Amino acid sequence: SRSADHSARTHTNMGYIFDPEKLHSLAKGVVGMPRKQMIAQLISDLAQAHPGYIETRQKWIFNLSGGATGIMTVLHASLSEYLIIFGTPIGTEGFSGTFRLDIHDFMLDGQMWIYTDDNPEERVEHRAGDHALLRRGQSKAWKSPENAWMLEYGRGNIPSCLPLALGNAVFSALDPSIVWDTIATYGSLTIRSLLKGKL
């Protein structure tokens, strides 16, 4: 209907097109598949659910953030949302940072262990199929043993998280190629979103 179409356009223009519950459902749908098949199927399912808003070509970029090292492919980027597949075949650990956005991690394979400063004696474990939420203003220490992979969704002020996301590459690894690949990928996908009228 005309009113439904108007509502959908308004929702998109406000910035949020992804629903965490739907993302969780799609992530759970590929749990247990062989890794390459799992990733390819998830990207295909996301593209079908959100036509025109998912980058289906996989471009893997090292992600050095908060002391952790992993690799990611960016599926969506805009001023208000990002969607990536992130993982490591050998394991890593680090600090989440404190952001002005909510970060949802939907575990595809392996585990993520966390603890927080308000409950430092408890290790919380997230396994394949689980949904972990880091709310804006919160932080955590985290560790993923080997072969940990997740679909990560950020919602909020996305540019505000770039300094931490790039800090290790700039000041520790001193690797301009990682910085360039990350900024170029985020920038091009954000421009693509803006041209569609999505913030």
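The values are calculated or read from the model by the stated rules, or taken from the named source; none is laboratory data. Owing to the predicted nature of the structure, the values given are computational and were not obtained by experimental measurement. A quick note on method: Cβ atoms are made from the backbone with ideal geometry, for glycine too, and the neighbour counts reach across all protein chains shown. The protein model used for the area step is the full one, side chains on, heavy atoms only, and it has no ligands, DNA or RNA in it. Shrake-Rupley method; radii C 1.70, N 1.55, O 1.52, S 1.80 Å.
What the table below lists for this structure:
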{"item": "Pair list, Cβ < 6 Å and 6+ apart or interchain, from the stretch 19-37 residues that are closer than 16 Å to residue 111 by Cα and of a type in the set (A, V, I, L, M, F, W, C) to residues that are in a helix (DSSP H, G or I) and open to solvent by 50 Å² or more (accessible area, probe 1.4 Å)", "result": "30/41"}
{"item": "Residue ID - least open to solvent (accessible area, probe 1.4 Å), chosen from residues in the stretch 90-133 that are touching a Ser or Thr at 6+ places or on another chain (Cβ under 6 Å) and in a strand (DSSP E or B)", "result": "112"}
{"item": "Answer residue from the stretch 142-165, given it is surrounded by fewer than 18 Cβ atoms within 10 Å (Cβ to Cβ) and among the hydrophobic types (A, V, I, L, M, F, W, C) and is modelled with the lowest pLDDT among those", "result": "164"}
{"item": "Close pairs (7 angstrom Cβ cut-off, 6 or more residues apart or separate chains): closer than 17 Å to residue 86 by Cα in the stretch 104-127, assigned to a loop (DSSP other than H, G, I, E, B) and basic (Lys, Arg) anywhere", "result": "114/140"}
{"item": "Among (1) of a type outside the set (Val, Ile, Thr); (2) open to solvent by 60 Å² or more (accessible area, probe 1.4 Å); (3) in contact (Cβ under 8 Å) with a residue 60 or more places away in the chain, the one test that residue 87 misses", "result": "(2)"}
{"item": "Output for the stretch 97-120, where each listed residue is modelled with pLDDT under 95 and either touching a Phe, Trp or Tyr at 6+ places or on another chain (Cβ under 6 Å) or at positive phi (or both)", "result": "97"}
{"item": "Residue that is out of contact with any helix residue (DSSP H, G or I) (no Cβ under 7 Å at 6 or more places or on another chain) and either modelled with pLDDT of 95 or more or open to solvent by 60 Å² or more (accessible area, probe 1.4 Å) (or both), where the choices are 45, 19", "result": "19"}
{"item": "Residue 78 in contact with a helix residue (DSSP H, G or I) (Cβ under 7 Å, 6 or more places away or on another chain), of a type in the set (Ser, Thr, Tyr), buried (at least 16 other Cβ atoms within 10 Å of the Cβ) and farther than 26 Å from residue 32 by Cβ", "result": "yes"}
